[in-house]
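The values are calculated or read from the model by the stated rules, or taken from the named source; none is laboratory data. Because the structure is a prediction, the values reported are computed rather than measured. Ideal geometry is used to build each Cβ from the backbone, glycine not excepted, and the neighbour counts take in all protein chains shown. Keep in mind that these areas ignore ligands, DNA and RNA; they rest on the heavy atoms of the full protein, side chains included. Shrake-Rupley method; radii C 1.70, N 1.55, O 1.52, S 1.80 Å.
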Amino acid sequence: CEAYKAAGKEDAWSALLDEELRKATAPEALYEIHRHKALLFQKKKRVDEAVGEWLLARESVIKGTHPYDTTRQALPYLEIGKIYLDAGMIEKAEEFLLRYLKTPYGATEAFSPVTLLGKIYESRRQFDKAKEIYAIVLDENFGKDFVSRDNLKNLQKPIRKRLELIDMLEKLPALVEKLGDDDPTVREETRSAIRSIGKDVVPFLEQYKN
């Protein structure tokens, strides 16, 4: 596989995968073949074919109950979500990222889809949805199986920062209203607060400019 890709012989690799697919019967083998075919289509930006292969990969292990199978019943949804996100098909990306989170495996390995979904909601200014999705990985019951609590806290840190920025952003309308206060002290304190918030909030908003 890697030798073919390194040599740029994707067509030869694709033909070999098709040949292996005709012979394969084991669910694990079928999953890997479809996974590699999906990756080939992803490289060529052929979205529909890549998605189709990921769904076939998932279907090949759908009857399994072993952790190997349940993990691979979930992962294609995450990969499909990323494919649609890269293609700018945001609603489809959201659909499959949410599907992933609803799987038993996805509920425990949630940081990647939660971050991606949070950014989708932020870009739409759907801050309540962003806070709701971020809360998944901040819940006290989340991550109980993490070997390192420090590692868990490090993963949670950027999520907490994004929530702080959302909170600042939501305070802005009330602060702007205070700029019209009759008391000059209140107006000056308000300007100072807005300037302080702006240092963090402006870069946060800049990432979502069209």
Would you confirm whether or not the range 132-147 contains a residue that is touching a residue at least 40 places away in the same chain (Cβ under 8 Å), open to solvent by less than 50 Å² (accessible area, probe 1.4 Å) and closer than 16 Å to residue 100 by Cα?
no
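Just to be sure, is residue 67 closer than 22 Å to residue 31 by Cα, of a type outside the set (Lys, Arg) and surrounded by 15 or more Cβ atoms within 10 Å (Cβ to Cβ)? Explain how you work it out, then say what you get.
Details: closer than 22 Å to residue 31 by Cα: yes; of a type outside the set (Lys, Arg): yes; surrounded by 15 or more Cβ atoms within 10 Å (Cβ to Cβ): no.
No: the conditions fail for residue 67.
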